[in-house]
Amino acid sequence: RAHELFGEALLAVREHHGPEAIDQCEVLCEMAEAYWREEKQNKSIDTLIDVWTLQEAKFGSNAPELIPTYLHLGQAYCKRNEYDRASDHLLRAVRISRESGHEEEGLTKTKSYAQACVLLASCYSYDQQSDRNFNGENNDDED
């Protein structure tokens, strides 16, 4: 039933604002979260990519408006152990946050910057751990 309602909401936004309307991003983000909760990760990521495409067309690829989408995509790929893809999106979020002056823009941008840094560090940590496991190295800390 939820996806039926999401579909109706998208249809209403598209009919009122057009098929490329940025207003549909909010609905698409909610859909992506619902797909993730239903363990439909591919559909969730595909939906987030739709959001990214709409936002990039409207604002450009380096716009601060894309930071939350880059964060969501980074998180999603990291949870799927796709660390290269995750780090690509998270690095974009960090770079855009730096370039947009997160220090001067208030708490929201600073929080996004901090969140991107933490997620990226986590992603690197998992990626290094999986590399060690793959190469047969011991993960125990040496004293």
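The values are calculated or read from the model by the stated rules, or taken from the named source; none is laboratory data. These numbers come from a predicted model, not from an experiment. We place every Cβ from the backbone using ideal geometry, glycine too, and count neighbours over all the protein chains shown. Just so you know, the surface numbers come from the protein's heavy atoms only, side chains and all, with ligands and any DNA or RNA stripped out. Shrake-Rupley method; radii C 1.70, N 1.55, O 1.52, S 1.80 Å.
Open to solvent by less than 60 Å² (accessible area, probe 1.4 Å) and modelled with pLDDT of 90 or more: is that true of A2 in this structure?
It is false that A2 is open to solvent by less than 60 Å² (accessible area, probe 1.4 Å) and modelled with pLDDT of 90 or more.
Quick one: which of N133, N139, N81 is open to solvent by 50 Å² or more (accessible area, probe 1.4 Å), at pLDDT 75 or above and more than 24 Å from E30 (Cβ to Cβ)?
After ruling out the rest, the residue left standing is N81.
Would you point out which residue out of E39, E33 is free of Cβ contacts under 8 Å to residues at least 12 places away in the same chain and part of a helix (DSSP H, G or I)?
Going through E39, E33 in turn, the sole match is E33.
Any residue at all in the range 55-75 that is closer than 22 Å to S125 by Cα, aromatic (F, W, Y) and in contact with a Phe, Trp or Tyr (Cβ under 8 Å, 6 or more places away or on another chain)?
Looking through the range 55-75, at least one residue is closer than 22 Å to S125 by Cα, aromatic (F, W, Y) and in contact with a Phe, Trp or Tyr (Cβ under 8 Å, 6 or more places away or on another chain).
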